Amino acid sequence: MYSAAFIFEPGDYADEFDNLNTLIDEAARTTSGFIGVDTWYSEEDKRVNVTYYWDSMDAIKAFSEHPMYREAREQQTMADGFRIIISEEVKSYSNHAIGELTLPVRS
């Protein structure tokens with residue numbers, strides 16, 4: 001499994017950030033190989049981490065070429081700061097109390 005973590009600090013552009021995040025989310029969910037998504041907010045809601053999961057690097061590449069993602073990427077200056085981290089899951093451990101990452105789409 002592969003993931004792309006989008007870590008943002010929306011700053012004063014909260015409405016624009018929501019629109020940007022919606023474009024990214026729609027692009028991710030409609031890309032073949034999409035598995036699911038997790039969203040986290042910092043305690044003070046200054047930072048958002050939206051992590052999307054796919055079954056292959058080819059799926060992430062297809063996502064990165066999606067027209068909605070390209071549109072969102074052009075608007076990335078709306079965030080005070082951002083980082084995107086692409087990762088490959090090597091191993092996962094759990095007590096199953098919060099579910100597995102490979103479950104169908106969740107938010």
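Quick notes
- Filter result (in contact with a helix residue (DSSP H, G or I) (Cβ under 8 Å, 6 or more places away or on another chain) and of a type outside the set (Val, Ile, Thr)) within segment 22-42: LEU23, GLU26, ALA27, ALA28, SER32, GLY33, PHE34
- If you go through segment 22-54 and pick out every residue that is under 16 Å from GLU71 (Cβ atoms) and free of Cβ contacts under 8 Å to residues at least 40 places away in the same chain, you end up with 4.
- All positions within segment 3-38 that are assigned to a strand (DSSP E or B), surrounded by fewer than 17 Cβ atoms within 10 Å (Cβ to Cβ) and at pLDDT below 90: GLU9
- Output for segment 48-67, where each listed residue is of a type outside the set (Asp, Glu) and either at pLDDT below 85 or surrounded by fewer than 17 Cβ atoms within 10 Å (Cβ to Cβ) (or both): ASN49, SER56, MET57, LYS61, SER64, PRO67
- Taking the criterion of being modelled with pLDDT of 80 or more and either of a type in the set (Val, Ile, Thr) or in contact with a Leu (Cβ under 8 Å, 6 or more places away or on another chain) (or both), the residues of segment 72-107 that qualify are ILE84, ILE85, ILE86, GLU89, VAL90.
The values are calculated or read from the model by the stated rules, or taken from the named source; none is laboratory data. Everything quoted here is computed from the prediction, not taken from an experiment. Here the Cβ is made from the backbone with ideal geometry for all residues, glycine too, and neighbour counts use every protein chain on show.
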